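The values are calculated or read from the model by the stated rules, or taken from the named source; none is laboratory data. A quick note: this is a predicted structure, and the numbers were derived from the prediction, not measured.
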Amino acid sequence: MSINEYMILAIGGIVLLLIYYIVSREAYQAKQIRAIASAVENLNHQVFALEQEIKKQHLEVEEKSSDSMTLADLRYELEVGISEYTKPLSIQLAQIQDEHNITKEQLQQRIVYLEENMRNLSLPASVTGMDDERIIALFKQGVAIDTISKELRLSKPEVEFVLKINQLK
């Protein structure tokens, strides 16, 4: 075999290697392109599913917002509800307050009455303001307690009581 034949064989081998390299390289690239295409298609499916979910949620929100009350309506309903519950309580509170005021007035009248009658309870019934002055005047003149009680027709303890109140004994 001649050099030319070896050269042709070598060139043929190189061409075959180049063809094999190109074919294998194209197969690898085709495989990568298919993987990318598959990933893109998968992403497109997910995007479509998300768009459908968003549309569904948007419709639900619109339905709820059209059915639901506004904030002002909610406040009004709340105030009406609270008012319904507090009316009976405020009426009862007003009644209790009226009863308290009446009881307070009665107690104040009773205290005034008791204070007015306290003096009558603390002094003997037969001793009056006029008797007090006479007892004091006689005692200051040096008259004995027994004599004062006989003269004014009072008991000895009554005379002693008047003198103690006026801090003379």
Go through segment 79-133 and count every residue that is within 30 Å of residue 168 (Cα to Cα) and modelled with pLDDT of 85 or more. 2
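Could you please let me know if residue 136 is assigned by TED's automatic domain parsing to the domain that holds residue 167 and modelled with pLDDT of 85 or more?
On the way: assigned by TED's automatic domain parsing to the domain that holds residue 167: yes; modelled with pLDDT of 85 or more: yes.
Criteria met by residue 136.
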